[in-house]
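To start, the structure itself, in structure tokens.
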Amino acid sequence: MRMVFRWFGEGNDTVSLDQIRQIPGVEGIVWALHDSPAGEEWPMDRILNIRDQADRVGLHLDVVESVNVHEDIKLGLPTRDQYISNYIRTIEKLAQVSVKVICYNFMPVFDWVRTNLYKELEDGSTALFFEKAKTTDVDPSELVRTIINNGELSMPGWEPERLAHLASLFELYRGITEDDLWRNLGYFLDAIIPVAERNGIQMAIHPDDPPWPIFGLPRIMTSQANLRRFLRLHDSPANGITLCSGSLGANPNNDILSMIHEFKDRIPFTHIRNVRVFDNGDFIETSHRSQDGTVDIAGIVKAYHDEGFRGYCRPDHGRHIWGEKCRPGYGLYDRALGIMYLWGAWDALERVRLQGEKRNPS
């Protein structure tokens, strides 16, 4: 397991590279050009600037999250080929700085969805919260205002320029079905997977967050069956999954341990985080500790260890603790605690393995 840490760039993150490199076992950053609009080709000089910053502190930039997919591609509009060409050129540029994995998603209009960015937990910390009723009884523009007006820091997947045209986006998606979205995703993969193969890059789609339709918009990366269907679209090592335990775990019917065992060879990147799911469908993000949520984090680590996982892992959203002022979900303290919980579980399993080898040498 190779531990990495998401970083949003100088001037756009309260966490510094110097702080990240002090977290035990972290070897690289998960990065992107977050202010680059979806669909635009990434400038090489800016990519090189990030590489130089990472090199200065001895961190690699093997994993990019995300090269966002333009809505015209998801919608299957005639203009999609232009944006796919831009995407391909970005893949080729990222290969030049030794990027190994590109995480992306195929969620219409909204990326991840939460209704409260600072819901208080019993211990006084706050965390990202999803109230299911607010996605059925509320105008989506109200949710947009909640997310993008939270402070000076940008929110990944919630680009104000794109969401300013929310009404027209919803109109474009009127009548778009899950089957349409599958066809448009297949068209996109047909274009990019051969390019990724040639450049030694694994594309890793992120599950929908949460894993069900929102505001009447279709979502398809929601379950084990759908992930299986996705992988069959291109039976290539370059066509993979970012297995996110928090996204998929919001639906208690999802068996994440089974997914790890089935898709083990197609998971180049994993997000490990915990959520507490309530009977009414609400959920709140918690510490990474298994007992604090509904997701069996210790079991997930064991499943990866049993499968000899050698891909990239990052702790996902953390709580906001100890008075830290940070981007919602992306502070230093709780994510660093999460890393140490994951390493503790992994190291204990590794110790048992090594002791077994000593007792039973081959």
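Since every read-out is calculated from the coordinates, none of them should be taken as a lab result. Predicted model, so just to flag it, every value in this text is computed and none were measured. With ideal geometry, Cβ positions are generated from the backbone for all residues, glycine too; neighbour counts draw on all protein chains shown.
Tabulated data for the structure shown
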{"item": "Ascending count of other beta-carbon atoms within 10 Å, so fewest first, for 255, 208", "result": "255, 208"}
{"item": "Computed Kirkwood radius, in angstrom, where 1/r is averaged over Cα pairs of the stretch 254-362", "result": "15.2 Å"}
{"item": "Lys, Arg +1 and Asp, Glu -1 on Cβ, resulting dipole of the chain about Cα centre, debye, nearest 20", "result": "920 debye"}
{"item": "10 Å-binned pair-distance histogram of the stretch 154-301 (Cα, whole percent)", "result": "10, 34, 36, 19, 1"}
{"item": "Rg(Cα)/(2.2 N^0.38 Å) for the chain, N = residue count", "result": "0.95"}
{"item": "Order by protection proxy (mean Cβ within 10 Å, highest first), peptides 16-24, 184-192", "result": "184-192, 16-24"}
{"item": "Fraction of beta bridges assigned by DSSP in the chain that are antiparallel (%, nearest 5)", "result": "30 percent"}
{"item": "Among 352, 68, 256 - extreme Cα towards positive end, dipole of the stretch 2-359, charges at beta-carbon", "result": "352"}
{"item": "Partner aspartates and glutamates for residue 93 [C-alpha distance under 18 Å; skip if fewer than 8 residues away on the same chain]", "result": "35, 40, 41, 45, 52, 55, 62, 65, 197"}
{"item": "Listed residue pairs exceeding 27 Å between alpha carbons, taken from 100/325; 100/132; 74/100; 302/325", "result": "100/325; 100/132; 302/325"}
{"item": "Taking only Cα atoms of the stretch 1-104, radius of gyration then Dmax in Å", "result": "14.5, 48"}
